[in-house]
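The values are calculated or read from the model by the stated rules, or taken from the named source; none is laboratory data. It should be emphasised that the depicted structure is a prediction, and the values quoted were computed from it without experimental measurement. Note that we place each Cβ from the backbone using ideal geometry, even for glycine, and neighbour counts take in every protein chain shown. Quick note on the areas: whole protein, heavy atoms, side chains included, nothing else; ligands and nucleic acids left out. Shrake-Rupley method; radii C 1.70, N 1.55, O 1.52, S 1.80 Å.
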Amino acid sequence: MEQYGVGDDIDKVLISETQMQERLAQMAAEIDRDYAGRDLLLVGVLKGAIMVMADLSRKITIPVTMDWMAVSSYGSGTKSSGVVRILKDLDTDVAGRHVLIVEDIIDSGLTLSWLQKNLLTRGAASVEIATALRKPDAAKVEVNVRYLGFDIPNEFVVGYGLDYAENYRTLPFVGTLAEHVYNN
Ligand code: PRP
């Protein structure tokens, strides 16, 4: 862990860099096959998705375009309300386009469930989801994930785009955060 400069902040590595990159390559191959001959728009959800977007998109070999959204749940304690506010909208008109939302993690599922519906109401031809991680035990709504990296336990995880107080996003692996980091 020393080369990452995070001391003993990480308890254990859940998904190594190699595991993540190998799984993303498999997901990219599936996407290549499923969208061959179609016009595909990748939509990343800031900020957590930047790593998976960068790595997954470069493993996809069919031509794709890329756009970004930033969203936030209303209020800090009301994430479970499922009401999402758009902080930065797409630059692209998705009407008639095949859209693949690229995410780092599905936790309660509320963000993605809302986003998928929102993009469909704009007239997208299809809206599918690719996510690096999913926490099945945290699900509040069912989200139909087309491309899944890994199911992980309902623990506090950081790395590979995921943060705690904006730290740890740049770690190339996914690890659990040591309790002393958030209990002081
Ligand atoms: C995370 C993640 C998803 C959302 C998933 O983003 O990137 O967008 O939470 O949670 P849900 O399934 O419970 O809705 P976060 O709000 O932490 O913002 P960030 O990507 O900027 O870190």
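Could you tell me the distance between the Cα centroids of the range 87-163 and the range 7-45, to the nearest Å? Between the Cα centre of the range 87-163 and that of the range 7-45, the gap is 13 Å. The charge dipole of the chain, taken about the Cα centre with unit charges on the Cβ atoms of Lys, Arg (+1) and Asp, Glu (-1), comes to about 640 debye, rounded to the nearest 20.
Considering all alpha-carbon pairs of the range 1-63, what whole percent are spaced by more than 16 angstrom? Percentage above 16 Å: 57. Here each label is just a point 7 Å from Cα along the line to Cβ, and for Tyr164 and Ser126 those points are 3.9 nm apart. Compared with the dominant principal axis of the Cα atoms in the chain, helix 110-121 is inclined by about 10°. Remark: the range 14-79 carries a charge dipole of roughly 180 debye about the Cα centre, counting +1 on each Lys and Arg Cβ and -1 on each Asp and Glu Cβ.
Here the Gaussian network model covers the chain, with springs between Cα atoms less than 10 Å apart; of Leu87, Leu100, Leu115, Leu87 fluctuates the most. Length available on full extension from Gln26 to Asp151: 0.36 nm per residue minus the Cα-Cα distance, which gives 43.5 nm. Along the axis of the charge dipole computed for the chain (Cβ charges of +1 for Lys and Arg, -1 for Asp and Glu, origin at the Cα centre), the listed residues Asn167, Tyr182, Ser126 are led at the positive end by Ser126.
Counting only Cβ charges, +1 for Lys and Arg and -1 for Asp and Glu, the dipole size of the range 38-132 around its Cα centre is about 100 debye.
Name all residues of the range 86-130 having a backbone nitrogen under 19 Å from the label point set 7 Å from the Cα of Ala139 along its Cα→Cβ direction, giving them as ranges. Of the residues in the range 86-130, 101-117, 127-130 have backbone N under 19 Å from the label point off Ala139. Overall, the accessible surface of the range 47-184 at a probe of 1.4 angstrom is composed of carbon and sulfur to the extent of 50 percent.
Calculated accessible area for the range 138-181 comes out at 47 Å² per residue, all protein chains present (probe 1.4 Å; ligands, DNA, RNA ignored). These residues, Lys135, Lys59, Lys140, Lys47, go from largest to smallest accessible area, 1.4 Å probe, as Lys140, Lys47, Lys59, Lys135.
At the residue level, Ile86 shows approximately 60 square angstrom of accessible surface with a 1.4 angstrom probe and all protein chains present. On the principal axes of its alpha carbon atoms, the range 84-170 extends 38, 25, 21 Å, with the longest extent given first. Ranking of His180, His98 by solvent-accessible surface, largest first: His180, His98 (1.4 Å probe, protein heavy atoms only, all chains present). For the chain, the equivalent ellipsoid derived from the alpha-carbon gyration tensor has semi-axes of 27, 20, 14 Å in decreasing order.
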